[in-house]
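Here the structure is laid out as C-alpha cells; the discussion comes afterwards.
Just so you know, all these numbers are worked out from the coordinates, no wet-lab data involved. No experiment lies behind these values; they were computed from the predicted model shown. Ideal geometry is used to build each Cβ from the backbone, glycine not excepted, and the neighbour counts take in all protein chains shown.
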Amino acid sequence: MEFRKDLFASERNEDLNEVGRPTQRQDALGHVTGRSRFYEDHAMPGMLHMKFARSPHHHARIRSMDTAAAARMPGVVRILTADDVPKRVHTLLILIGLGPDDEPPLAFDKVRYRGEPVAAVIAESEPAASAACAAIRIDYEPLPAVFDVEEALASGAPLVNEYHGRNWYDYEGHDYQKIRFGDVEAGFRAADHVIEERYQMTPIEHAPTETGGCIAAPDTAGRYVCYTNTQALFFSLETASRILKMPSNRLHFVGGTVGGGFGGKVDSVHEPLALLGAMLTQRPVRSAYTRAEEMQVSSPRGAERIYIKDGVMNDGRIVARYARIYCDAGAYSRLSPYGAVKAAAHMPGPYYIPNVWVDARCVYTNRTPSSAMRGFGVTGADFALEVQMDKLARLVGADPMEFRIQNAYRDGDMKAHRRVTKNAALIECVQAAARLADWPIGERFQAMSSMRDGGGERARIPATPPPEAPARRVPAAAPEAAQAPLATMPPPAAETRSAATPPPRTPLAGAGRRMSSLLGTRRR
Amino acid sequence: MSHLTLRYRLNGNERADLVAGDETLLSLLRYRLDTTSVRQGCRQGTCGTCTVLVDGEPRLACITLAATCEGCAIETADSLPGSGGLHPLQQAFMDHFAAQCGFCTTGMLMAAKALLDVNPSPSREEVIDAIGGNICRCTGYEPIVEAVLAAATAARAGATPPAAHRHC
Amino acid sequence: MAIALETCHALREAAALLGRAPAARFLGGGTLLVRALNEGEADFSTLVRCLDPSLAEIRASGPRIRIGAAVTMARILATRELDFLHSAARSVGGPAVRAQATLGGNLFAPPPYGDLCAALLALDARVSVQSGYSARDVSVEDFLRERGNGAGRTLVAGVELTRPRDSRAFRFLKVSKVRPKGVSMLTMAARLEESGGRLSGVRVVYANMAPAPARAAAVERALEGRRLDRTGIEAAAAVASEGFSPPTDSLASSWYRRAVAPVHLSRLLTGDSKRSA
C-alpha cells in the first residue's frame, strides 16, 4: 500500500503508532481454527425451531386465520400470532426517537408485502415447523398493489400503510426532505446547457454467507438469553424490550460474531419473536432464515429513482443542480426514512454548485421493506451523480477527470446544506487516481489544490427564493414519465385512504428535532 | 430400513454412527456431532461454506448424504493444526487478512488444502479455480488468493509463512 | 417424511427398483436431489444409488469413447483422453461440486444447469438408457425430449461418442455474469469439423436459450459447407437467435439473450472465447 504523506502534511502529526503498520485482528485465530462461535454454535438441548407462515400476496386483507389443524401436527409445540405479541405494532425508527409505529412483527388485518410473516410455528424440528406453517389456513382478500414509487404517489394509488395514512414518510410536517440553496431557476437561465437525466436503482440483497437468525432461551431468575447475529446488539436489545414490553435488564443479548452483515442484520426481526417463543414454551427457540428467505424477505438496499437536472457552462462550471429523489421504502419504514435524508444531504455531491434544489421523498410500496445497507441513500445518489458528471463532461467536451477537479469542493466552500467545507480532498484523490491510471490531465488541473481558491465568494450563502416559492419557480421540464415536481404535487385524494383506521399519531419524544441532527448526517 | 451404521474416519478417528438415509453430512457433523467448524451457509450446494474433504477431495457437506461416505476419511478444519501449531494455510490467512467475518473461512481453508495437497506449487489461476466454489462476501477474495499462494510457498520451505508486509 | 436410501450393486437391479418404486429417483452426485431434499422440495420418497463398477468406467483408448454415468466432472478433468471435454467439465461449479456432479446427473439438470449436456449434444453423443431389464441407446435430442415428457425414472448407464478429429473441432463457451464461477446465462457448444477446408456435419448447441439444450438449426445451415472465415462467421451470427424465444429469468431477459447471442456465437466461432468466459 502506498501512503501519500506529501499530501496535507501540514494538517497531520507524524507521531502515529498504528497507521501503516500491520495489526493482527483479535478474532483471526478463532476464525482460522473454526473456534469462533457464531450464534448457531450455541445450540442447546431441547431446542425448538421457529418458522413463519408468510403471505403469498403483495397486498391483501386477512379475512380469517385457522391454526387448529397446524397446531395438531406432529412436533408442533406452539403457534404465535399477532395476539401473542405484547406490542402489536412497532417501528425500528423509535431507536432514533422517531415514529410512527408502522410495522407488526406478525401481521394482522392486512399483509403489505409478499413474504410478510403472519404466524410463527414453534416445533421440535425445522421440517415439522415448516410443514405446520403450510397447514395454517389463512383466508386472504387480495388488494391492488403498487410497486412503483411514482405510481404510489399518484392520486388513486392503493394505500400501502395505514399508519402513515399516505404513501410517503412525513418529515416533521414536510412531505419530503428538501435543500434550497441559491436560485436554481436563475442558474438554468444563465447556463449554456441544461440536461435532465433519470436514474433507477434496483434493490440489492446483502447475501451474507450466514443467514440472519438467533437462539433465545430461558435463563435463571426470570431472565432470557439471546444469542444473535445482529449487527446492532443494543438496537436489537431495545427493539426486543419494547416489542415484548419487558425491561431490557431481563434480556441478556450475546453477539459479536456476525457472518457478514453489510447492514442486513440490523432489523431485529428474529430476536423479539424467538424470545417470545422461549417465554411461552420455556424452552430454547431458534429462528433462522433459509437462503431463500434471506433473499425474499430480509430487507434489501432500497431502490432509488433519481432525476437530476443540471445547468452547465461551456467552460465546465456547473451552475445549477435540481434533484428529485424517490426512495422506495417498501411496505414499512425500517430505516428507509433515514436513508432518504442521507440521499438528500449527499445529493449536491462533492462539488461546489452555487444553486441547488433537492427534494427527497421516502415512498411506501408493496415491495419487501428496505433498510440499511452500506451507505444506503448515499450509494444510489453517488451512482446517479457520477454518471451525471460523465454526461456533463461529455456535453461540454471536457475530460471527465479534469471536469471533476474543476468542480470539486475546496476548503472554505459553503455546501448546499449550509456547512462549511473542511478537509476537502477530492482534487488530490482524482489527481492520484489519474496518475495511477496513466490518465493524462492538464497542468492547470495538476496544479489545483483543495486547500487553495476555496471560500471567499464561495463561502457565501446565496440569496434563496422564499420557501413558499410560487409554482413557476419550481424547475419544470420533468420527463413525461415523471409526475410533476414534488413541490407542486397534490397529496393523494382522501378517498384513497383505506377504511382501516390507523391509530392516532402520537407526538414523539424526538418531535421537533431535525432528523439530520439526530442522525449525525451533518458530520460528513 | 432408513437407518444404517456408517463407519468412517473423522479427522483421523475411527467412528461408527447411526445415520438416517436422508441425513446429510452437514447435519451429521454440525448438528449431531457438534463439529461447529463446519458451517451452514446455503444448504443448496452453492456457497462452499460447508466444504470438507472426503478422501482428500473437497465436498459440500450440505449436499452429501452421510450414508454415501461409508469407509471414507473425512477431514474438517479441526484437523488442520499439526504438532507444530497452525497449518501454513491458517497462519497465512491470519497474516494476509484473509478472514474478515470468519464465516466462510473454514470452508475456504479446506478448499485451499484440497488444492495444496495435490498441487504444492499452484499458479494464481489454479488458486482462483480452487476457491471458485466458495463465496466470501467480505474480503473481495484478493487477500485469500494471496494467503493461499503464501501458504504454498511457506509449506514448500517447510516453515511458517513470512508475515505480510502489507496491511490491507 | 423420511426418505429411504436404497443401495444396489448391479445396474439392472437399480433400474428394476426405479421402475417398481412409485416415487423413486436415482441418486448421482446429489447436487440436485439432496438440494431438493434440503429445500423441502423432494418429489420422491426413495433414493436409489448404484455401485455397479460399469457406471464409473471410462473407455477412451480408441476413437469411440464410452463414459459411465457416475463419472464425475473431476474425473473427466483428470482423464487426458477426454481433454476435449475439459472446458465443459471445468465450467461446472467449483472443485467440490465437480467432485460430486456426475455426467448422468448433468443430463437431468434443469436450466440454468446442464452445461456438459450441451457439449454432449453438440458432439452427437448416444445415451445408454436402462429401463427395467432392457437397455437401449438414444440420441441426446431424443433423451431430452423424453426427459421433458416426465421420464424422470429413466436410468442412464452412460454415453458413447466419437472423439472430435482435432482439438479445434470442438468449441465450448459458458457465459456467466459471475466470475470466476457462476451459473450460466448462456452456454454454447459446437462441433466444427472440416472436410477439404469446408465445414461438414456442423452441430451448434445452445443452453439456456430454450427449456433444454437445443441445436441452433439456422446457424448450422448457415455454416454447413462454408469456410470458417469472417464471411462464414458473419453469416452464422446474422441468424444466431433464429428459431429461439429464450426465457426471461433472474439471470437475463429474453431480449438480452437474443441480443447477445450473435456476439457470443462470433466469439465461439473465432475461438476468442476468453473474452466471454
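The table below lists the values:
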quantity: Environment charge of A:Gly213, counting only residues whose C-beta is closer than 11 Å and scoring Lys/Arg +1, Asp/Glu -1; calculated: -3
quantity: Cβ-defined net charge surrounding A:Ala70, 12 Å radius [Lys, Arg +1; Asp, Glu -1]; calculated: +3
quantity: Cubic angstrom per residue, convex hull over Cα atoms of the protein assembly as shown; calculated: 205
quantity: Backbone N within the range A:380-405 under 11 Å of label point (7 Å from A:Asp453 Cα along the Cβ vector); calculated: A:405
quantity: A:Glu205/C:Ser195 FRET efficiency (R0 56 Å; Cβ-Cβ; nearest 0.05); calculated: 0.60
quantity: 17 Å Cα-Cα reach of C:Lys181 towards aspartates and glutamates, excluding residues that sit fewer than 8 places from it in its own chain; calculated: B:Glu125, B:Glu126, B:Asp129, B:Glu142, C:Asp115
quantity: Across A:Lys178/A:Lys415; A:Lys342/A:Lys391; A:Lys178/A:Lys342, pairs whose alpha-carbon gap is larger than 19 Å; calculated: A:Lys342/A:Lys391
quantity: Cα-centred dipole magnitude for the range C:168-275, charges only on beta-carbon of K, R (+1) and D, E (-1), debye, nearest 20; calculated: 380
quantity: Among beta bridges that DSSP assigns inside the protein assembly as shown, antiparallel share in %, nearest 5; calculated: 80
quantity: Where labels lie 7 Å past Cα in the beta-carbon direction, separation of A:Glu2 and B:Asp55 in nm; calculated: 5.2
quantity: Pairwise label distance in nanometres, A:Ile96 with B:His3, each label 7 Å out on the Cα-Cβ vector; calculated: 5.4
quantity: Full-extension gain in nm, C:Glu242 to C:Arg168, via 0.36 nm per residue minus C-alpha separation; calculated: 24.1 nm
quantity: Tensor-based shape of the range C:79-135 (alpha-carbon gyration tensor, a/c under 1.5 rounded, otherwise prolate or oblate); calculated: prolate
quantity: Two-site label geometry, A:Ile461 and C:Ser254: point separation in nm, points 7 Å out along Cα→Cβ; calculated: 5.7
quantity: Most to least packed among A:295-307, B:54-66, A:94-106, A:136-148 [average Cβ atoms within 10 Å]; calculated: B:54-66, A:295-307, A:94-106, A:136-148
quantity: Within straight-line cross-link reach of A:Lys5, lysines at Cα separation under 19 Å, skipping those fewer than 8 residues along the same chain; calculated: A:Lys422
quantity: Whole-number percent relative contact order across chain A, with pairs defined as alpha carbons under 8 Å at least 6 apart; calculated: 18
quantity: Share antiparallel - DSSP beta bridges, chain C, percent rounded to 5; calculated: 80
quantity: Cβ neighbours within 10 Å from other chains - mean over B:43-55; calculated: 5
quantity: Reachable lysines from A:Lys245, criterion Cα separation under 25 angstrom, eight or more residues apart if same chain; calculated: A:Lys51, A:Lys87, A:Lys110, A:Lys265
quantity: In range of the label at C:His9: residues from the range B:1-25 whose backbone nitrogen is under 19 Å from the point 7 Å along Cα→Cβ; calculated: B:1, B:4-7
quantity: Top of C:Glu41, C:Glu146, C:Glu57 by mean-square fluctuation, Gaussian network on chain C, Cα under 10 Å; calculated: C:Glu41
quantity: Förster radius 22 Å - calculated FRET efficiency between C:Ala217 and C:Asp142 (Cβ-Cβ, nearest 0.05); calculated: 0.85
quantity: Estimated 222 nm signal from helices in chain C, with DSSP H stretches of n ≥ 4 weighted -39500 (n - 2.57), rounded to 500; calculated: -8500 deg cm²/dmol
quantity: The range C:4-50 - Rg and Dmax from Cα coordinates, angstrom; calculated: 10.4, 31
quantity: Near-label residues of the range A:278-321 by backbone N, under 20 Å of a point 7 Å along Cα→Cβ of A:Asp219; calculated: A:278-287
quantity: GluC sites (Glu not before Pro) within the range A:12-52: DSSP coil, no more than 15 neighbouring Cβ in 10 Å; calculated: A:Glu14, A:Glu18
quantity: Percent RCO, i.e. relative contact order, over the range B:88-157, from Cα pairs under 8 Å lying at least 6 residues apart; calculated: 51
